[in-house]
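See below for the structure under consideration.
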Amino acid sequence: MDKEKIAFRTKCIHTGNGIDKETGSIRRPITMANSYRLPEDASTLDWSDPNQLVYTRNTSANQIYLQEKLADLEGGEDCVVLGTGVAALAGVFFTFLDQDSHIICSNVSYVAVYRLLHEYFPDKYGVEVTLVDTANLDEIRKALRPNTKIIHIETPGNPTTRVSDIAEISQIAKSASALLTVDSTFASPFLQRPLQLGADLVIHSLTKYINGHGDSMGGAVIGRKEHIDKIKRQAMVNLGGAISPFNAWLIMRGAVTLPLRMKQHSESAMKVAHFLESHPAVAFVAYPGLKSHPQHDIAKKQMTMFSGVISFGLKGDVSAHNTFVNSLALIVPAVSIGHDESLIVYTGPKDERNHFYPEEFKNGHLRFSVGLEEADDIINDLEQALEKCGL
């Protein structure tokens with residue numbers, strides 16, 4: 001059967017899986033060994049080969065299976081899986097940014113990316129960084145320099161849900177001979193395919209939607225083999241960013257239900273977003289599926305559904321937001337997104353990235369990861385907590 005013709009849901013189940021040759025198990029087992037038997041003649045062996053089973057810091061059997069699955073789901077030539085999403089992002093930057101090179105990045109991004117590019121890479125390595133609103137194509141064009149090596153975007157962005165036009169930005173990157181790297185964690189491969197839209201590399205925190213069960217950590221980069229090979233050798237083998245076999249196995253298991261979960265997350269989030277937008281105590285709602293979202297049309301163009309993350313704020317101060325969060329009975333106050341249970345986190349006005357946030361975010365905001373519970377139960381929990389705020 002031509003695997004290119006297999007549906008996405010079918011790939012989630014079958015790609016990377018196979019019959020275990022030793023036991024006949026139809027589910028590949030966890031191989032927890034940290035070393036593998038060497039060939040009879042090891043004299044010519046490349047001890048740092050990231051595609052040869054020698055030592056688990058280089059790669060493991062479970063990692064190879066997961067890499068095969070993720071490359072197929074994103075439509076990439078190859079994939080490297082690392083220990084966390086931040087390891088994947090840092091691995092891309094470490095591999096492709098040299099001293100005195102320049103990177104353009106979304107000005108509101110995951111906090112670890114902000115610190116890597118705002119502090120560590122400039123201070124330690126002399127990398128030049130320009131942070132811009134990547135939803136504004138003119139800002140990206142104006143930021144280009146002769147030494148621009150990477151344009152990095154998050155779409156939808158964390159935590160603003162800002163959407164950047166991947167296809168248009170890919171043309172800008174190509175005109176500058178720069179790589180376009182896209183963090184697509186909020187969307188997952190089921191809702192958005194950056195490589196098909198012109199990106200060079202797509203990055204995921206596997207901890208989030210692809211695993212989907214809140215019980216493991218991992219990160220992945222997918223793209224052309226020539227790029228992935230560089231990341232494997234530099235950021236995995238020689239920086240020690242490899243994923244554990246157990247986490248790779250857990251994420252492999254979680255990915256099987258990705259399409260079903262993303263559909264449910266998206267459908268419930270749309271209902272919840274409409275509820276929040278209509279509530280008198282809510283100051284603003286940022287969700288790409290709403291017509292009020294500034295980049296709703298771009299989201300419709302490049303996403304099949306709008307995922308499960310909503311950002312919103314209340315018409316109240318820090319105390320009102322805290323009262324609201326601590327009054328929730330079903331929704332869990334905790335970081336991360338993409339779990340089966342709904343998660344919410346309040347970020348106050350002292351956030352280090354606050355000066356880059358859209359105006360409505362500056363007094364603090366709530367990032368809400370809508371889970372797999374019944375949408376009406378989620379809404380009822382929000383409603384009773386809003387009533388206790390006195391707004």
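Residues in segment 108-139 that are within 20 Å of the chain's Cα centre (by Cα), at pLDDT below 95 and over 17 Å from Leu180 (Cβ atoms): Val108, Tyr110, Val111, Ala112, Tyr114, Arg115, His118.
Conditions (1) touching a Ser or Thr at 6+ places or on another chain (Cβ under 6 Å); (2) buried (at least 18 other Cβ atoms within 10 Å of the Cβ); (3) outside the structural domain of Asp165 (by TED's automatic domain parsing); (4) within 15 Å of Ala273 (Cβ to Cβ), marked per residue:
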{"residue": "Thr304", "(1), (2), (3), (4)": "no, no, yes, no"}
{"residue": "Phe312", "(1), (2), (3), (4)": "no, yes, yes, yes"}
{"residue": "Gly316", "(1), (2), (3), (4)": "no, yes, yes, no"}
{"residue": "Ser327", "(1), (2), (3), (4)": "no, no, yes, no"}
{"residue": "Pro333", "(1), (2), (3), (4)": "no, no, yes, no"}
{"residue": "Ser342", "(1), (2), (3), (4)": "no, yes, yes, yes"}
{"residue": "Val345", "(1), (2), (3), (4)": "no, no, yes, no"}
{"residue": "Glu359", "(1), (2), (3), (4)": "no, no, yes, no"}
{"residue": "Glu383", "(1), (2), (3), (4)": "no, no, yes, yes"}
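Based on what the data block shows, is His339 out of contact with any helix residue (DSSP H, G or I) (no Cβ under 6 Å at 6 or more places or on another chain) and either at pLDDT 95 or above or of a type in the set (Asp, Glu) (or both)? Judged against the criteria, His339 is a match.
Of all residues in segment 1-17, how many are within 19 Å of Arg253 (Cβ to Cβ) and in contact (Cβ under 8 Å) with a residue 12 or more places away in the chain? Walk me through it before giving the result.
Step one: filter segment 1-17 for residues within 19 Å of Arg253 (Cβ to Cβ), giving 8-17.
Then keep just the ones that are in contact (Cβ under 8 Å) with a residue 12 or more places away in the chain; that gives 8-9, 11-13, 15-17.
Residues flagged as within 19 Å of Arg253 (Cβ to Cβ) and in contact (Cβ under 8 Å) with a residue 12 or more places away in the chain within segment 1-17 amount to 8.
The residue that is nearest to the chain's Cα centre (by Cα), among those in segment 2-34 that are farther than 28 Å from Asn58 by Cα and not in a helix (DSSP H, G or I), is Ala7. Listed here are the helices (runs of 4 or more DSSP H) enclosed by segment 97-169 that have at least 1 residues being farther than 24 Å from Phe361 by Cβ and hydrophobic (A, V, I, L, M, F, W, C): 121-125.
The values are calculated or read from the model by the stated rules, or taken from the named source; none is laboratory data. Given the structure is predicted, the values throughout are model-derived calculations rather than measurements. Every residue, glycine as well, gets a Cβ built from its backbone with ideal geometry; the counts of neighbours run over all protein chains shown.
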